[in-house]
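Notes to accompany the following structure.
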């Protein structure tokens, strides 16, 4: 009995540590129908979304695809807008072919490899992914830095 009482605190400590919720490898939960990013050190959410789909056909090859256009507005500052276009059903780094963010009326665009997007799920009704890097304002050359960008969008 004495051995059990001596080892009980050690067992309890082991169980407490092994069941800890502090797992940094778990990705953050992304709110549905929201786009969020840290832009130049400030977290900005785009939750007023306009989602449209457009079907296309290449006349020469007969290849058909559908583009999903996401336009999101920040409810705190209507001059903050995000726009991107992805091909439905395509996942990976090449599935978003247009990406712009307007901050305080200035539009910053993806124009080089310093900005990356990654679509992890793309179905007829869902688009999930991440983005980060540097976007450039083409008229004055100013840049913005984006980290922890994510989107989780359900659409029709």
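Pull up the range 113-124, narrow it to residues that are without any contact (Cβ under 8 Å) to a residue 24 or more places away in the chain and touching a strand residue (DSSP E or B) at 6+ places or on another chain (Cβ under 8 Å), then point me to the one that is surrounded by the fewest Cβ atoms within 10 Å (Cβ to Cβ). Quick ask: steps written out before the conclusion?
Just the residues of the range 113-124 that are without any contact (Cβ under 8 Å) to a residue 24 or more places away in the chain, to begin with: 113-114, 116.
From the residues that got through so far, the ones that are touching a strand residue (DSSP E or B) at 6+ places or on another chain (Cβ under 8 Å) too are 114, 116.
Working: 114: 13, 116: 15.
Taking the candidates together, the pick is 114.
Please find, within the range 62-75, the residue that is farthest from the chain's Cα centre (by Cα) out of those that are farther than 19 Å from residue 97 by Cα and touching a residue at least 12 places away in the same chain (Cβ under 8 Å). Per the stated criteria, the residue is 75.
For residue 62, state whether it is in contact with a strand residue (DSSP E or B) (Cβ under 6 Å, 6 or more places away or on another chain), modelled with pLDDT of 95 or more, over 25 Å from residue 138 (Cβ atoms) and in a loop (DSSP other than H, G, I, E, B).
Working: in contact with a strand residue (DSSP E or B) (Cβ under 6 Å, 6 or more places away or on another chain): no; modelled with pLDDT of 95 or more: yes; over 25 Å from residue 138 (Cβ atoms): yes; in a loop (DSSP other than H, G, I, E, B): yes.
No.
Selection within the range 137-155: residues that are over 15 Å from residue 83 (Cβ atoms) and surrounded by 18 or more Cβ atoms within 10 Å (Cβ to Cβ). The member of this set that is farthest from the chain's Cα centre (by Cα) is 152. Kindly check whether there is at least one residue in the range 91-105 that is at pLDDT 95 or above and either touching a helix residue (DSSP H, G or I) at 6+ places or on another chain (Cβ under 7 Å) or not in a strand (DSSP E or B) (or both). Scanning the range 91-105 turns up at least one residue that is at pLDDT 95 or above and either touching a helix residue (DSSP H, G or I) at 6+ places or on another chain (Cβ under 7 Å) or not in a strand (DSSP E or B) (or both).
Residues checked against (1) more than 15 Å from residue 34 (Cα to Cα); (2) over 14 Å from the mean Cα position of the chain (by Cα); (3) surrounded by fewer than 17 Cβ atoms within 10 Å (Cβ to Cβ):
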residue: 46; (1), (2), (3): no, no, no
residue: 60; (1), (2), (3): yes, yes, yes
residue: 94; (1), (2), (3): yes, yes, yes
residue: 104; (1), (2), (3): yes, yes, yes
residue: 126; (1), (2), (3): no, no, yes
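The values are calculated or read from the model by the stated rules, or taken from the named source; none is laboratory data. All of these numbers come straight from a predicted model, not from anything done at the bench. Backbone-built Cβ (ideal geometry, glycine too); neighbour counts: all protein chains shown.
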